[in-house]
Amino acid sequence: MLQKKAIKKGDDYQPPLNRPFYSKETKSKMYSQIEKVVQNFNGMDTLKESIHSYSTQKNEALNQCIARVAPKFKHFGATLTLQTRIFLVIAIANEGYSTFYGKLLPQLVNLNVHNQHIVHNGIQKIEKVRQKNMNRKASTQFKRARKHKIRAKIKEQVYEERISKEKNYGTYESGFNFECEPVQINEEPQQTTIITATEMNDQTNEKQQQKKKQSKQKYCKWCNKYTNHLTRQSKSCLHHDEWLQEQKNKKDKTKNKLTDNNNKNDEEKNKEVSKAAHDSAVGGDGDV
């Protein structure tokens, strides 16, 4: 920022004393040392080494083993202990735990047969425990339990964060009831009501019944509100009388139609009877 401001003004930028710049000419020796270190990791071969299809879990496991044997908070630079500890981890990683302590280490130290037998028995016990732990961790039950534990921890953390925020910040905003009149506080203590278990059950039952009644309510399009009915056929509907009148009118219409049809049928029957009587009368006169 300071350099940009100096360039805009046209002034020469002078770096502060606590952050000096080094030039290649005056500090040529330091520049050459840095350049050598950078060139070791700047070539195409070193870049291709990092572009591989293998996993880095082995490397991380080695780093963890080295950190366990030679922790970082201890200083081993002035002695050979750091080198020996790293070599020990590398040998176990390459040859295996049992082969290193069972074959290679006795040859280097020249152990007796009795001591070799003791070491061999101890290694077998350690290998059995190690194999059991590996099989247990590779099982599906262990993996599911591990996932459940992780989720439970996340839920606990979220819950604790919410509680801590409520405790620190409170539930009320600043300036609440600031311009209102002062509230008079009653000096007399309020009487506390004790609720028994039966009363609590009664209250819960009443609430459940109210919820059931609300869920049973239906919407009537004629009343235009939520009621216990859907049509005008129920007596509680406001338009029930209109529905009864319509039903009466329908019944009257059907009766009138039936009467008209009956009258027509009677007239047709009377005509047929009169024709038959006329025909019989005409036939009788001809015979005479």
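The values are calculated or read from the model by the stated rules, or taken from the named source; none is laboratory data. What you see is a predicted model, and the numbers here were worked out from it, not measured in a lab. Cβ placement follows ideal geometry from the backbone for every residue including glycine, while neighbour counts extend to all protein chains displayed.
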Task: Candidates 231, 259, 254, filtered to the one that is modelled with pLDDT of 80 or more, in a loop (DSSP other than H, G, I, E, B) and among the β-branched types (Val, Ile, Thr) - done: 231
Task: First in the range 25-46 and in a helix (DSSP H, G or I), second anywhere and surrounded by 10 or more Cβ atoms within 10 Å (Cβ to Cβ) and not aromatic (Phe, Trp, Tyr), Cβ under 9 Å, 6 or more apart - done: 31/24; 40/46
TODO: Could you please let me know if residue 99 is without any contact (Cβ under 8 Å) to a residue 12 or more places away in the chain, part of a helix (DSSP H, G or I) and under 20 Å from residue 131 (Cα atoms)?
DONE: yes
Open item on the list: Yes or no: the range 196-206 includes at least one residue that is modelled with pLDDT of 80 or more and part of a helix (DSSP H, G or I).
Closed with: yes
Open item on the list: Condition first: acidic (Asp, Glu) and more than 60 Å from the chain's Cα centre (by Cα). Now tell me which residues in the range 225-266 satisfy that.
Closed with: 252, 260, 266
Open item on the list: Looking at the range 110-128 only, could you name the residues that are of a type in the set (A, V, I, L, M, F, W, C) and surrounded by 10 or more Cβ atoms within 10 Å (Cβ to Cβ)?
Closed with: 111, 118, 119, 123, 126
